[in-house]
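Worksheet: the structure to be examined is printed underneath.
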Amino acid sequence: MINIAELLSDMDARGAQFWIEKDRLHYSAPKDQLTTADIHSLREHKNQIIEFLKGTAATAVSQRAADGGPPPLSYAQTRLWALEQIEPLGEVYNSCFGISLKGKLDSKSLASAVQGIVDRHEVLRTVFTMVDESPVQTIMPSVVVPIAREEVVGSDQNDRQTRMIDIVKRERAKPFDLSLGPMLRVTLIRVDEHDHVLILVLHHIICDGWSMTVFARELSSLYAGANLPALAVQYADYAIWQREQLRGVSLAKQEQWWKTALLGAPEGVDLPLDRSRPQRQSFNGAQMDIIIPGPLSEKLIELGRARGATLFMVLLAGFKLVLARWSNQTDIVVGTPIAGRPRRELEDLIGFFANTLVLRTDLSGDPTFDDLLKRVRENCLDAYSNQDLPFERVVELINPKRDLSRHLLFQIMFALGNMPTGKLALPELEVSQLAMPNASSKFDLTLNLVETSNGVSGIIEYSTDLFDASTIERMAGHLVQVLEEVAREPSMPLARISMLGQGERELVLKQWNDTAREVQEQTLVELFEAQVEATPQAVALVCGEQELSYGELNARANRLAHVLIARGWGQRTLWGCAWSAAWRWW
């Protein structure tokens, strides 16, 4: 007998939405996410699905009363607002989007379209103030969002590109005042008469990834002069509805599931760091591209399909295997974002709806990759079935130890984009989205992938306080190698799956293992002391901005030896060391 909850959760993982209108089943899904077999299952089990949805449906979101007072913040907004009160976060939660516009641009129509979106969506006119010692949403009746103008006109293409990047970095870095607003900045950069770049910067407290597809869709319509139907509800209505849902008993089962699922979970994945973790997150970061070639992507899709798993699940299983190898842990916890729009009436809104799920996988017992994929799939489906509970409420339930040096519950994020299409199409213009420079990282590590016609590609965003670019490059190579291995033989035990590519294998087995090379009959200590005598001022250790010469290192080692001798340690005494990548303890 088919499990309806599992069937819908599987499709939900691929971005599908289901709802009932006049006792008829309706659904929407990103292009190519539902297969012919999926459509057949929906038709075959339509009546069961309708009954299931009726039994689990949350109450509809409705317009708030006009005299109900200022609306509260949503749970997600409350978290970001609180973070800003503790310490201004700068550009960390500033979302930046760039759009190339080539052709005949109507600047007046563009300005009118942007203002029309601001007028339609209350959240773009919202500021956050205190009433009775609690933060509330204060919605301004009207807000004018001007389009700032910049020019990078010139003959040298590299110079234009550099100046454009400088403008983007400057606009992204400007902080927003949550109590004053507006939380949206728009800049139009003129390259020449037929070449412009539109830059949008929004605070994450009023938008998410889905929101930008809504923005693009409405900008296309309004620029072309179309009239859009009025919105049924606004973001503030959702915030009230969310609070009401959590006051009821409907989410008690979800609360219990999360308590059980995360009981005894590790604080994080202890990857080997290039530098000691600072006491407080700085959010300094960088990005690196990663590409999973088309042929390999196709193999992974087929691998998952044969086992009832999505591409997301296959990639997540491979990523968790790499994390387990790097950390020498078998209990791996990562976060993943979901749309967080459980009602049809929320799909056309701009706002911060996205929720975060904490996905935990046990890799113990040396399972095969098939077994690991099964574990990942089951955990994902269970988490999707309990996705209505806000991440902020999960944190309250688990009550982890607060640590300013790391994110709560997880420090590694994994995402595979499956947002609905919101392609921007403007008359007489060739439009394309631009990659925006980003020098921040919310987590230790974020693997952000998207499925394209050429395979799977994306970026790895990482904390530069913790990792060097070379380290992340190695990890990316290991992930692609692992995916190649499991696509070829998914029944292989995890211990037999190699992360090393041909080049790295050659380095380890041959270049670092040259048994024919003549070596002096000296111990490591003797070799070190000879180097100290030969070059005492040469750099021996580098840690971040600090350097230690061979002479200084030798002196510190001798001081440590004297301490050990004073405590009764003598020759041939074995002792263990647990050292971080720093020498402050010497």
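Throughout, read-outs are computed from the coordinates displayed, never taken from laboratory work. This is a predicted model, so every value here is computed, not measured. Neighbour counts are summed over all protein chains in view; Cβ atoms, including those assigned to glycine, are modelled from backbone coordinates with ideal geometry.
Assorted remarks:
- Cleavage-rule hits (chymotrypsin sites (Phe, Trp or Tyr not before Pro)) in the range 459-527: DSSP loop, at most 13 neighbouring Cβ within 10 angstrom: 512
- Loop GluC sites (Glu not before Pro), the range 490-531, which have at most 11 other Cβ atoms in a 10 Å radius of their Cβ (DSSP): 518, 521
- Note that the range 346-356 has calculated 3J(HN,Hα) couplings of 8, 5, 9, 9, 8, x, 8, 9, 3, 10, 10 Hz, one per residue in order, obtained from phi through the Karplus relation 6.51 cos²θ - 1.76 cosθ + 1.60 (θ = phi - 60°); glycine and proline are x.
- For the range 383-390, backbone phi angles converted through the Karplus equation (6.51, -1.76, 1.60; θ = phi - 60°) give residue-by-residue couplings of 5, 4, 5, 10, 7, 6, 6, x Hz, Gly and Pro being listed as x.
- Over all distinct Cα-Cα pairs of the chain, the Kirkwood formula returns a hydrodynamic radius of 27.1 Å.
- With contacts taken as Cα pairs under 8 Å and at least 6 residues apart, the chain reaches a relative contact order of 18 percent.
- Over the chain, DSSP H runs of length four or greater, each weighted -39,500 (n - 2.57), average out per residue to a 222 nm ellipticity of -11500 deg cm²/dmol.
- Equivalent ellipsoid of the range 524-566: semi-axes from √(5λ) of the C-alpha gyration tensor, largest first, are 19, 15, 8 Å.
- Fraction of beta bridges assigned by DSSP in the range 109-246 that are antiparallel (%, nearest 5): 75
- Inter-part distance where the range 403-475 and the range 517-558 are each reduced to a Cα centre, Å: 40
- Relative contact order for the range 75-223, counting Cα pairs under 8 Å that sit 6 or more residues apart, in percent: 36
- The range 524-566, relative contact order [Cα under 8 Å, separation at least 6], %: 29
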